[in-house]
């Protein structure tokens with residue numbers, strides 16, 4: 001499912017401390033669906049963008065929560081006015 005996992009290391013000069021994070025690359029629709037079923041998102045913006053993508057097959061750039069709700073209300077083939 002995960003094709004690439006990277007450990008990122010960042011140094012904070014003010015606190016004189018290193019911070020570590022991971023970046024994951026998930027390739028393909030099936031793998032993304034597996035990710036959503038097993039792990040998913042908690043961020044509402046990402047969830048709304050996912051729902052728009054699921055219904056329409058794409059998600060317009062810069063889609064915020066309000067715009068996503070409007071798109072979902074209109075249905076799969078109709079653009080919000």
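The values are calculated or read from the model by the stated rules, or taken from the named source; none is laboratory data. Please read all numbers here as calculations on a predicted model, not as lab measurements. As a convention, Cβ positions derive from the backbone with ideal geometry for all residues, glycine included, and neighbour counts pool all protein chains shown.
Within segment 16-32, the set of residues being touching a strand residue (DSSP E or B) at 6+ places or on another chain (Cβ under 7 Å), within 18 Å of residue 53 (Cα to Cα) and not in a helix (DSSP H, G or I) comprises 26, 27.
Of the set (1) assigned to a loop (DSSP other than H, G, I, E, B); (2) modelled with pLDDT of 90 or more; (3) surrounded by 10 or more Cβ atoms within 10 Å (Cβ to Cβ), all apply to residue 41 but (2).
The residue of segment 58-81 that is surrounded by the fewest Cβ atoms within 10 Å (Cβ to Cβ), among those that are modelled with pLDDT under 90 and in a loop (DSSP other than H, G, I, E, B), is 81. Flag set for residue 35, criterion: in contact with a strand residue (DSSP E or B) (Cβ under 8 Å, 6 or more places away or on another chain) and assigned to a helix (DSSP H, G or I).
Condition check for residue 24 on (1) within 14 Å of the chain's Cα centre (by Cα); (2) surrounded by 11 or more Cβ atoms within 10 Å (Cβ to Cβ); (3) within 30 Å of residue 74 (Cβ to Cβ): one failure, at (3).
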